[in-house]
Amino acid sequence: METTNTSKTTLQKKFFPASERGHVNFGWLDSHHSFSFGHWYHPEKTNFGALRVLNDDIVEPSMGFGTHPHQNMEIVSIPLFGELAHKDSTGTNGIIKTGDVQIMSAGSGIQHSEFNHSSDKKVNFLQIWILPKVPNIQPRYDQKSFHEAGRLNRFQTVVSPIDDEAVWINQDAYFSLATLEPSNTLTYKVHAPNQGIYVFLIQGKLTAEGTSLERRDAVGLSGIDEYHFEASVKSEFLVIEIPMK
């Protein structure tokens, strides 16, 4: 963890290179893990604050995850391309498309399955787990669509505990997407003290508080109230704000 001291604050940075992610390939599933998951364990990558899992999953046509249980976890799915079929024990049965954001509050316990909806095209989605604020809530599901124009050179909040335009989460956590062009900069301000941000570069080349990121790199930042971003090429990225304690 790198730290930068000022007279009032201490910026803490932890770089997560894409090349150091865990990787499994089961034929039907090609997955890169930013944090310890399944068959891959790394003692220094078990979480970042309340962020527990960020998997970059590619699923082959008509393949997927059979019915399995979850409990006390906020699970967010963000398709990057393709379509994902979802079914769970709350009675939800639908399709998640590129541009959609889905959340499932596992709470006291839920069963669900996810499959590539296409018979001839792959699907790539981010599967993100956040530790809940309140345990054992009634399981719930939500899904909304977000137009990419709403994130051009600005942050588009897609997950939030307080914003009705976003999908609701059982945690003081906020997910924001942005597409930043080279001639522009962005500043992200955290919602409360003791919150940090995890910046995941989907594609492009980005500088986040002096740390250079390339495709699928990430950086965890905490300790200050505002974080600054600039891009050398058109860049798409995700900012996940979470409690650090």
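Out of all the residues in the stretch 152-172, which are open to solvent by 50 Å² or more (accessible area, probe 1.4 Å) and not in a loop (DSSP other than H, G, I, E, B)?
If the condition is that a residue be open to solvent by 50 Å² or more (accessible area, probe 1.4 Å) and not in a loop (DSSP other than H, G, I, E, B), then Leu152, Trp168 are the ones that fit.
Show the residue pairs that are 6+ apart or on different chains and have beta-carbon atoms under 7 Å apart, the first residue being within the stretch 36-57 and part of a loop (DSSP other than H, G, I, E, B) and at pLDDT 95 or above, the second being open to solvent by 20 Å² or more (accessible area, probe 1.4 Å) and hydroxyl-bearing (Ser, Thr, Tyr).
Qualifying pairs under 7 Å: Ser36/Thr46.
A quick yes/no check of all residues on (1) out of contact with any strand residue (DSSP E or B) (no Cβ under 9 Å at 6 or more places or on another chain); (2) more than 22 Å from Val219 (Cβ to Cβ):
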| site | (1), (2) |
| --- | --- |
| Gln12 | no, no |
| Ser19 | yes, no |
| Val24 | no, yes |
| Arg52 | no, no |
| Asn55 | no, no |
| Thr67 | no, yes |
| Ser77 | no, yes |
| Leu80 | no, no |
| Ile95 | no, yes |
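So which residues in the stretch 106-134 are open to solvent by 20 Å² or more (accessible area, probe 1.4 Å) and either within 15 Å of Glu83 (Cβ to Cβ) or of a type in the set (S, T, N, Q) (or both)?
Once the filter is applied, which keeps residues that are open to solvent by 20 Å² or more (accessible area, probe 1.4 Å) and either within 15 Å of Glu83 (Cβ to Cβ) or of a type in the set (S, T, N, Q) (or both), the stretch 106-134 yields Ser108, Gln111, Phe115, His117, Ser118, Ser119, Asp120, Lys121, Lys122.
Which residue pairs have Cβ atoms under 9 Å apart, sit 6 or more places apart or on different chains, and have a first residue in the stretch 177-196 that is within 16 Å of Glu230 (Cβ to Cβ) and a second that is of a type in the set (Gly, Ala, Ser) and open to solvent by 70 Å² or more (accessible area, probe 1.4 Å)?
Within 9 Å, the pairs are Pro182/Ser232.
Within the stretch 60-82, can you find the residues that are without any contact (Cβ under 8 Å) to a residue 60 or more places away in the chain and not in a loop (DSSP other than H, G, I, E, B)?
Hits for the stretch 60-82 are Gly64, Phe65, Gly66, Thr67, His68, Pro69, His70, Ile75, Ser77, Pro79, Phe81.
How many residues are open to solvent by less than 20 Å² (accessible area, probe 1.4 Å), more than 20 Å from Arg216 (Cα to Cα) and in contact with a Pro (Cβ under 9 Å, 6 or more places away or on another chain) when one looks only at the stretch 173-204?
Result for the stretch 173-204: 2.
The values are calculated or read from the model by the stated rules, or taken from the named source; none is laboratory data. Computed from a predicted structure; not experimentally measured. Please note: Cβ atoms are built from the backbone with ideal geometry, for glycine as well, and neighbour counts cover all protein chains shown. The accessibility values were calculated without ligands, DNA or RNA, using every heavy atom of the protein model including side chains. Shrake-Rupley method; radii C 1.70, N 1.55, O 1.52, S 1.80 Å.
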